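The values are calculated or read from the model by the stated rules, or taken from the named source; none is laboratory data. Keep in mind that what you see is a predicted model, and the values were worked out from it rather than measured. Here the Cβ is made from the backbone with ideal geometry for all residues, glycine too, and neighbour counts use every protein chain on show. Areas reflect the complete protein model, heavy atoms only, side chains present, ligands, DNA and RNA absent. Shrake-Rupley method; radii C 1.70, N 1.55, O 1.52, S 1.80 Å.
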Amino acid sequence: MPLIVLGLSHRSSPVTLRERFAFADAKIPGALQLLRDSGAASEAVILSTCNRVEIYAFTAAEPRAAFIALRQFLLDCHDYREPLTDEIYGLSEPQSIHHLFKVACGLDSMVLGETEILGQLKKSYDLALQHGHTGGRLNKAFQKAFNVAKHVRTETNIQRGSISVGSVAVELAEKIFNTLAERDVMIIGAGDTGEKTARALLSRGARGIIVSNRSHDKALALAANLGGRAVLFDSWASEFPKIDIVISSTAAPHFILDRHKLEPLMKLRRNRPLLLIDIAVPRDIEPEVNLMENVFLYNIDDLQTIADDYLKQRKEEILRCERIIAEKAAALLGRPPSHQPPSGMSPDFAPTQ
């Protein structure tokens, strides 16, 4: 019974498609129950982040049948009926094990070596575990993946440099404003990514932080930790005359800021430059605002350009990490390690609709 991985990521699809398949955290346990009740998987974990939506599953079905069943489940869950080509990929062993390990190590991330994905993977696994959707096989595979990630971070320099989406966002802000000194920042959404981005902005000299979140208690707690202040979610727009940078990362299923809402706010700001960094999936900010004068909007895919620069700088470290992953995957699978570990993702199954 092999490990099957099926999903889509920043490597296979744009954010406009990924957001259509994103799972809200609260809906994942129910989705896992539906998946197992359908007979498509006996054990399963769903990983849903801004850069990927993936199902990790063990099933008694042969791989091709499993890919078809899991793909249909994903399409049905999100009522997706539009044509697809190779945006959704499927992997079986040994590629699926290699892929899981690479994801845990940050080697398949938009920002090479970033650490946020490991926390997200652990959270997704724990959610499935606590609701009884994992068993001995998935438990062993995921625990091994966490150990491999720790080994890679200890034995290589893959983490050096800018290693998170938040850090890349900060670099983008510095390119727009040259310096963050005297710049005021608003964080909309009080999740992990927003918090890490806020800390990075402060460390680069941002003057002040305003935090807004649907849960005002969370906003208050984060603002206290950052030395900033919290505002009610219903009144964050009133702060726009004072701010220069907005980092938005809510879990809203729709745009929270569109051109109609922003145009009068820009007049209040006397059309001073405004940087909007939308790291939410689904996106928080309507793309049309980028057509406005002195408004600079960047979404999660736009950050790929900066990430690519780091990729070029880390080729040697990637090879070291790949060797470690190949060795650990071979040990888990009970096979001799390959001298040429797979450095990219070659799907076993990429069906069309």
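Here are the numbers for the structure shown:
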{"item": "Segments 25-37, 247-259 sorted - mean Cβ within 10 Å per residue, highest first", "result": "247-259, 25-37"}
{"item": "Solvent-accessible area, 1.4 Å probe, carbon plus sulfur percent, for the range 77-230", "result": "44 percent"}
{"item": "Accessible area per residue in Å² at 1.4 Å probe, computed on the range 251-311", "result": "50 Å²"}
{"item": "Ser215 accessible area, assembled protein chains, probe 1.4 Å, Å²", "result": "40 Å²"}
{"item": "Over the chain: helical MRE at 222 nm, DSSP H runs n ≥ 4 each giving -39500 (n - 2.57), nearest 500", "result": "-13500 deg cm²/dmol"}
{"item": "Residues with amide H under 5 Å from that of Asn299, placed H, sequence gap 5 or more", "result": "Asp278"}
{"item": "Extension gain from Asn290 to Leu34, taking 0.36 nm per residue of separation minus the Cα-Cα distance", "result": "88.2 nm"}
{"item": "DSSP-defined antiparallel bridges as percent of all bridges, the chain, nearest 5", "result": "45 percent"}
{"item": "Span from the the range 28-105 Cα centroid across to the the range 235-307 one, whole angstrom", "result": "33 Å"}
{"item": "Hydrodynamic radius (Kirkwood) for the chain, which is based on Cα pairs only, to one decimal in Å", "result": "21.2 Å"}
{"item": "Folded to 0 to 90 degrees: helix 63-77 orientation relative to the chain principal axis, Cα", "result": "30 degrees"}
{"item": "Acute angle (nearest 10 degrees) that the helix 259-268 long axis makes with the longest principal axis of the chain, alpha-carbon atoms", "result": "40 degrees"}
{"item": "Helix 28-37 axis, angle to the chain major axis (alpha carbon atoms, nearest 10°)", "result": "20 degrees"}
{"item": "Heavy atoms of Thr85 accessible to a 1.4 Å probe, total area in Å² rounded to 10", "result": "80 Å²"}
{"item": "Net charge dipole size for the chain [Lys, Arg +1 and Asp, Glu -1 on Cβ; Debye, nearest 20]", "result": "760 debye"}
{"item": "Hypothetical label at Asp309: residues of the range 186-211 whose amide nitrogen lies under 17 Å (7 Å Cα-Cβ projection)", "result": "201, 204"}
{"item": "Distant-in-sequence amide H partners of Glu93 (H built 1.01 Å from N, under 5 Å)", "result": "Leu3"}
